[in-house]
Amino acid sequence: MKSDFDDLVSSFVNRKLNDQLKSIIATSKSSVLIDFTDVDNFSPELGDHIIRAPIESIAEIKRFISELDPVYKDLNLEVRIRNLPSTLPIREIRSKHIGKILQISGLIKVAVSVRPMVTAIEFECQSCGHVIKVEQKEKTIKVPSICTNCGKKGRFNTFKKELIDSQKIILEEAPEDLEGGAQPEHIDVMLKGDLVDPKFEKNIIPGNKVVVTGIVNEAPVVFPSGKKSRTSEISIEASYLEAVEQGFEEIIITKEEEATIKEMARDKTIYNKFRDSITPNIFGHDSIKDAVVLQLFGGVRKVGREGNSVIRGDIHLLLCGDPGTAKSATLKYVSGVAPKARYVTGMGSSAAGLTATIIKDEATRSYILEAGALPLTNKGILAIDEIDKMNKDDRVAMHEALEQQTISISKANIHATLAAQTSVLAAANPKLGRFNPFDVISSQIELPSTLINRFDLIFIMKDRPNKETDKLVASRILEANKDINKNKPAIPTPLLKKYIAYAKQNCRPILSNDAMNAIQEFYLKLRSQYSNEGEEVRPVPISARQLEAVVRLTEASAKVRLSEYATMEDARRAIDLMMAYLSEVGIDKNTGELDIDRVITGISSSQRSTVLNIKSIIRSETELLPKGAALAMTKVYEVAEKSGMKIDDVEQAISVLKREGDIFEPKSGFIKLIS
């Protein structure tokens, strides 16, 4: 039996590896890469033996390689296996797999720094000088108990060490591999030798998805007392690692599916079908569903030639409004439709959990980087429910990720930048229970205006009694409770994923001249209607940030049709969504005009004008008083009222001046200017 196996290995090495071995000498590589498909096609018996006894099989292959030529023996080549016939989920690894070779995939959650590892130590006997070589395979260094030459016990001097580079990574199950609300499992993976060469460094970054082929090992848990537990920790010693595409791009689409997708794209009602496929059990909210569809497709990411100039293509949406309007249900549904998505809540999230954190590795006593939800959903979607419940300091960490789409970490001597090309779908509840359309949004949802401004579209979900609408809503809810599968999506979820994946893989639409003219006309028309005249503070209806958002939405609309060009129709669809957003949250209650400052700064232009007028009144009235005297607030109200200002507006203006540090209250009912 042994000779038959030897013949198989010898024949495989001679027939299949000769060309690769010759190129290894020319390129100075340190490993031989064997595709398991080649082994299985050559001899299924040899393939089965490698699966059952990988350590023995790899040792035999290495032995036959070294016998081919003394050069190969001197190189001490590693044999690496890749492309096994199946991939085993991390959570299904059991004790029966110990010592076997298998293939797993997942996201890199933690990557420890590269460290030298001892593989063998030569010890010198102090009595007779005999040198004993001990292979080091345990976590702790193994020392010989007696000399094999003189038989004496005693101390041994370290004569020589054999070292290789090593790195530990922690692999986490990818979100698309989880079912329901299952928590992702983790496993330690050890990389050695050329797997930690600088050429692999770009793959071993927290947030990257990788496929690992390796041998399952076990080691007993050691208590602080030094005793070993009966239970063991399982890890994988990697034979090979390769990065895979992330998000929608990793989905494989067959020729038949491609034909179906192209046929669907020619359907004139394709937009309606996609809209009806989002939360089918929820009635209404058509504009929001349209926006979610465009978010799933996304715009086109543009990168300058030198890589310094980047315009994001991902679309961010914020849903806020009354309770019971299906905000959370929408987020949950979208996180299930997107193949790479996570659902988190503001109350249960921190800055470290969303971005990245530095932790200390107890084994190496060094600091390591652990990726959070945003980099782990790179090229996917992150749904954040109740974003307003997040800690104020934690929200600051999201600013860079939402706009620059990177996460920069500079802590504990670790300086890293993680990719976070993630679309964010967030939901927030008003502080007072229900949304007040007459107040600025930033004062109602406990979010800073700087963060709110990062979202491309903001939708207010109102709960207003209406006989006809209420009847339809009730009917949809009752139907879903009677038969949850009755309201089926217009496009089945598996096909919807494939369609979006195909669009992301193959479509990078360019704005047509008609689309560019329509967007430019929309932008300039709004700006010109509210242009400043003289010194009067006039509202700014739309800014360049909203213009870029319209472009992203236009490109996403073209992707829905799998079109190479974004047309006037796509531009109109994007403009309609933008106007729906602005008309909800960007109307100044005092003037009835569009004012983007209500979103960007949290203060409308009419409020700013009132603040400046009140400050002018305080300054002029203070000049009439003796030097150093405080001004009575009743006097300010009196003068302001004569000028036609409302008491509520005056009070709000005084609050703003106090908050900004322009005035202070030395005693109750009196104020002083600071500058």
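The values are calculated or read from the model by the stated rules, or taken from the named source; none is laboratory data. Since the structure is predicted, the reported quantities are computational estimates derived from the model, not experimental observations. Neighbour counts run over all protein chains shown; Cβ positions are idealised from the backbone, glycine included.
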Quiz item: Among the residues of the range 235-254, which ones are assigned to a loop (DSSP other than H, G, I, E, B) and either hydrophobic (A, V, I, L, M, F, W, C) or modelled with pLDDT under 70 (or both)?
Solution: VAL244, GLU245, GLN246, ILE251, ILE252, ILE253
Quiz item: Quick one: would you say GLU172 is within 25 Å of GLY372 (Cα to Cα) and modelled with pLDDT of 80 or more?
Solution: yes
Quiz item: Looking at LEU478, is it at pLDDT 70 or above and in contact with a Ser or Thr (Cβ under 8 Å, 6 or more places away or on another chain)?
Solution: no
Exercise. Would you mind telling me which numbered condition in (1) hydrophobic (A, V, I, L, M, F, W, C); (2) part of a loop (DSSP other than H, G, I, E, B); (3) over 31 Å from the mean Cα position of the chain (by Cα); (4) at pLDDT 80 or above LEU562 fails?
Key: (3)
Exercise. Check whether at least one residue in the range 230-237 is in the same structural domain as ILE169 (by TED's automatic domain parsing) and in contact with a helix residue (DSSP H, G or I) (Cβ under 9 Å, 6 or more places away or on another chain), and report yes or no.
Key: yes
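Table: residues versus (1) at pLDDT below 80; (2) under 25 Å from PHE455 (Cβ atoms).
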residue: ALA571; (1), (2): no, yes
residue: TYR581; (1), (2): no, yes
residue: SER606; (1), (2): yes, yes
residue: ILE614; (1), (2): yes, no
residue: ALA632; (1), (2): no, no
Practice problem: Report those strands (runs of 3 or more DSSP E) wholly inside the range 82-188 carrying at least 1 residues which are under 30 Å from ALA352 (Cα atoms) and polar (S, T, N, Q). | Solution: 101-111, 156-172
Self-check item: Of all residues in the range 8-24 being of a type outside the set (D, E, K, R) and surrounded by fewer than 16 Cβ atoms within 10 Å (Cβ to Cβ), the one that is nearest to ASP48 (Cα to Cα)
Solution: SER11
Quiz item: List, please: which pairs have Cβ atoms under 7 Å, are six or more places apart or on different chains, and start with a residue in the range 191-213 that is of a type in the set (Lys, Arg) and end with one that is surrounded by fewer than 16 Cβ atoms within 10 Å (Cβ to Cβ) and at pLDDT below 75?
Solution: LYS209/VAL244
Quiz item: Which residue, of LYS133, LYS109, LYS100, is closer than 17 Å to ALA219 by Cα and not assigned by TED's automatic domain parsing to the domain that holds ASN18?
Solution: LYS100
Practice problem: With respect to SER225, determine if the residue is modelled with pLDDT of 85 or more and either part of a loop (DSSP other than H, G, I, E, B) or polar (S, T, N, Q) (or both). | Solution: no
Quiz item: When the residues of the range 7-65 are filtered to those that are outside any helix (DSSP H, G or I) and either β-branched (Val, Ile, Thr) or in contact with a Pro (Cβ under 9 Å, 6 or more places away or on another chain) (or both), which remaining residue is nearest to GLY99 (Cα to Cα)?
Solution: ILE34
